[in-house]
Each structure stands twice: as structure tokens, then as C-alpha cells.
1. Being in contact with a Gly (Cβ under 7 Å, 6 or more places away or on another chain) and not polar (S, T, N, Q) narrows it down to one of B:A281, B:A255, so name that one.
2. Take the residues in the range A:101-124 that are touching an Asp or Glu at 6+ places or on another chain (Cβ under 6 Å) and assigned to a strand (DSSP E or B); name whichever of them is nearest to the other protein chains (Cβ to nearest Cβ).
3. Which condition number in (1) surrounded by 13 or more Cβ atoms within 10 Å (Cβ to Cβ); (2) in a helix (DSSP H, G or I) is the one that B:A338 fails?
4. Would you check which residues across the range B:379-432 are within 14 Å of chain A (Cβ to nearest Cβ) and part of a helix (DSSP H, G or I) and list them?
5. Collect the residues in the range A:49-82 that are of a type outside the set (V, I, T) and touching a helix residue (DSSP H, G or I) at 6+ places or on another chain (Cβ under 7 Å), keeping them in residue-number order.
6. So is A:F144 part of a loop (DSSP other than H, G, I, E, B), at the interface with another protein chain (Cβ under 9 Å from one of its Cβ atoms) and either in contact with an Asp or Glu (Cβ under 7 Å, 6 or more places away or on another chain) or more than 15 Å from B:A428 (Cβ to Cβ) (or both) or not?
7. Run B:T275 past the list (1) surrounded by fewer than 20 Cβ atoms within 10 Å (Cβ to Cβ); (2) under 28 Å from B:G35 (Cβ atoms) and report the number of the one that doesn't hold.
8. Under the condition of being more than 20 Å from B:W128 (Cβ to Cβ) and among the aliphatic types (A, V, I, L, M), which residue from the range B:78-118 is surrounded by the fewest Cβ atoms within 10 Å (Cβ to Cβ)?
Amino acid sequence: MNSVLISHTPVPVSSAPLLALLIRNRVCAGFPSPAEDLGAQRIDLTQMLITHAQATYFLRARGTSMEGVGIFDNDILVVDRAVKPRHNHIVVAVVDGDFTVKTLYQRAGRIKLKAANPTFADIVPKEGQTLEVWGVVTSSIKQFKV
Amino acid sequence: MYALVDGNNFYVSCERVFRPSLNGLPVCVLSNNDGCAIARSNEAKALGIAMGAPWFKIKHLAESDGLVALSANFALYGDLSDRMMSLAAGLGPKQEIYSIDESFIDLTGVPGNLTERSHKIRNRILQWVGIPCGIGIGTTKTLAKLANHVAKTAERKPGSYPEQLAQVCNLAVLTPIELESVFAATPVSEVWGVGRQISKQLIEGNVKTVLDLVRLDPAMVKRRWSVVLERTVRELQGTPCVELEHSPQPKQEIACTRSFGHPVTEQSDLAEAITEFASRAAQKLRKQNSLAGQVLCFIRTSPFRQDAQYSRSITVPLRRPSADTAVIVAAALNGLAAIYRCGFKMAKAGVMLLELQPDTVQQQELALEDDDAADRGRLMTTLDGLNQRYGRGTVLMASAGLAGNRRAWSMKQERRTPGYTTCLADIAVARA
């Protein structure tokens, strides 16, 4: 009798008493604001776009070589220098002393910068030349005239 | 235990973040009005350019050695400084921001290997912000400052100090013999608080290196020199005498002075300049919640020119202590009218606010005269708010003139780089 299996039998949910929420606000006559208890924060674009505030800089994209990934002329690039650059990251690199935005290709010991537009050739560092990645592009902002 | 984090050739390093093509070139940053070199890259130092070298004397190096000179871009330096400081703060629980490129960190209670930790923070500042730093660690602030000098010099001049002290130098973990040899290799003039006069006297007294200084008896130093130098010696010996300062004391004097881009002779032009300086000073005054009792105004010609010389200042007392821009400007302009002489080429002018007191203390008085003492605090708050939000000079006293940077006395900043991080129209371009 003691060994009755009850695991497959549905067990009714116990109905514990519900704790009433502490009322902090004064009770006012009229319809209470339904948003009062939610305490939601408004969406903050800065928080969305910037993870490392001290490491984030904005740069302006100029040119058409990255249209394939959605970076167009005049877009604002959000560049995070705290992110470690990896294969397929979109990066800002220093080429001949100037900034250029390209996709980082890093496979089988080979490193190069690839454009996202078939009319542009890859940038391959020459013998002894180091490729300096300045930062990783985490977003691109496009603003429209209104 | 203290650390001192200090950006290497800070202004030049800031410029290089956004102009990598400047890496490896001799670069210097010039003071206001492109007067003299206030920051030099290592390559520029190697050309023999001294701190404070006048631009006209080193100009020829631009032709002969490719020296690049830039006008100071303080908006950029201020922003990068802020980023650097907030990362440096990660080193320990308390921080004192000592200048735009230096901060002391109190390392009390920080566990683990402080040298390793400092290397990590240094690498983070370099990677995240783009600024190379030197970090010095010691049991007192004076030793931390000295350690910082060692960390930087060991990196810049290989062979000057042991290689492993480069970038991060922790004097607290050196053996007594190692510490002595570091002290012996450092001239006494590099010690924090030892100025040019004192170091000359010390050298005459055969105290040439830090080792010589640290071996002096503090009591004797107090008798022969001063209590200030005594404190320095005690700090070098490892006894903390200088605490970390968390919130800077309100200033006892506020000044806004400027050299002009071109010589100014007209009173109307000087009045514009004086108005702007007085307005700027009044704003600083309100920022620290103080009132001024006296306004000093001065004008002078350039001592470096062959022209007729004139230099005068005047102190104008205020009817009652005030932080009202209009009151302070009016006092400064009254002062200017009293000291102005025509026919002189004025090179510099300034306004100083004296007899400062907190704005919470207001002396009550009998209202015998009828003057408009109405509280204009709200107007001033609004004025500061507008200028903060829409940019400096959005709302100004009309006597400051409306021609902006084209005013006769405006600063010369011919070589200034854009506000890469503070103005959206100025952000750097990446080729896509």
C-alpha cells in the first residue's frame, strides 16, 4: 500500500494566497495609470549602440566599396576599439596612414582586407608590412533628410 | 601605496589617434596663438626641441626635418583625457585627477600583483582610447611620480634604466640595491616639487641625484631650505606626507587671460576682449558656487617687440560680492576705460576675479541706496545652460562683439585639427 506510484497522476496546483503589492503611491480618485507598476525605461539608442563608452569613436564612411554589407557613402560608423578583431568583422584599418573600412579576412595564416563590392580589389599587406586594425565597426548609422 | 598614470606626450598622442600618418614623424603641439611648443613627440625631442620653444625659433625644422606643428585642440584632448581617466580609475578605489594627462590612484587594499595589474590597465588605455601611458608605483605620491618618470624614460631612452622598468615601474618591489641605483641615475631636478631654483641650489650644495637627496637628514633640510623640501625628502624616504585630494578646493582666484592673435590698439576691440574674458571668468565663478568681491583688469604690450611698452592693471571693487556676468563685465570695462592709452600695440589682456567667497554667505546690509540688487541667479543659470547646450558664445554680452573668430583680437589657430570626438561635422573619415 505504501508503494503506490503517484508520479503519473496529475496533481492539483495548490492555491496559495496571493501577496498583495505594497502600495507606495497615494490613492487617488479616478482611473489609476496602468503604467505605474511597470517602471519600464525608454529605449536608449546610446545604450544600444555603445558597449564600451571609453573605446567608442564615430567615423564617417566615404565611398562605395562597402555597399554589399549596407555601408553607404556618408554613413556614420560606430567603431569600438575594445572589441578584438576577428575573421569577417567589419573593421577600420590604417592603410598608408589613412583610415579605410573593409571586411577583415583572417584564415589559414593569411590576412587581408576585403571590400563588399566586386569592383574593388582586396587589400593584401605586402611582405613585411603590418596590417593595423584601428577598431571594429559595430553599427552604421544612416540619417535621412526630413 | 600610490600609482601615477600619465599619458606620454599627451597632446601629440591625442593627435596621432586620429592621424595615424603622424606616427614616426616629429610632431609638436603649439600653445594658444601658435606661440610655443607645449607638447613634443619623441622624434621632436630628438631634434632638440625644448619644452616651451618659441615657434618662430623652430619653424625652420618644418622645412629641414619634416617637423609637423599643430595648434592645440583642447576639445579633443579634454575628451580623450576623460576616457583615459575613467579607465585609469580601474586601478584602485580612489583617484585624484591631477592634470589633463595625469592622475594619482590610491592602491590601498588592492590585492594581487600591482605591476601586472598596471600593465593590464596600461594596455587597455592604449587599446581602447589609443593613448600610450607610463605608470609609476610607490609608497608615497612623490615616489609614484618619480617611478612614472623612470617608466617613461626607460621606454624612450633604452639603457637609461633597467629595461623591465619601462612602461610600468613599481619602486616598491625593487631590492634596496636596485632602488639605490635608480635613485643614483636620476637627477635631482626630476623630483616632484623641486623647481629650477631649488635644484640649482641643491646641485651647488653637491646634491646632484635623487640618491644624494634621499640621504639628507630631513631636519637639516628643513633648517637649511624649507619645510616643503623637507616633506619631499620624507616622501622620497617612504613616509607619506601628501594625501590624495579628492575634490579640488574652490579656487581663491579665477583668471581668464589671453594673448591676442594680432596686436590690438583700439579701445573698442579691447573692450570686446575684456567682455569675453570677464564673461568666461564669471561663468567659472558660478560653476564653483562663488562670488567675487573685486575685479582686476589688465592690458599690456608684448615685451618681445621693439615697440613702445605699456603695461597697466587696475582692481575694481564691486558694490557687493557678485557672480553676475553683467556686473563683472561692467566693472572690468570701467577698469579698462581707466587704464587704456591709445597708441600702444596691446598683445595681451586679462580679467581676474579676486576676494572669492562661497555664494551661500551673503552679508546683510541696510538698503540705503536704491540699486537693482534683484537676484539674477536664474538669468545666469539660464545663460550658462544655453551656452552649454548650444555651444559657447550662443548667448553673450553684446559688448563682446558678434564677429566670432574674426574679431581683431581672436586667437591664431592656423594649424588646428578638427574636433574629431566633439563635433559631428568634424568626425574622421574612413574610406569605404
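1. None of the others qualify; the one that does is B:A255.
2. A:K114
3. Condition (1) is where B:A338 drops out.
4. B:L424, B:A425, B:D426
5. Matches in the range A:49-82: A:H52, A:Q54, A:A55, A:D80, A:R81, A:A82.
6. no
7. For B:T275, the exception is condition (1).
8. B:V110
The values are calculated or read from the model by the stated rules, or taken from the named source; none is laboratory data. This one's a predicted model, so the numbers in the text were calculated from it and none came from an experiment. FYI the Cβ positions are ideal-geometry reconstructions off the backbone, even for glycines, and counts take in every protein chain you see.
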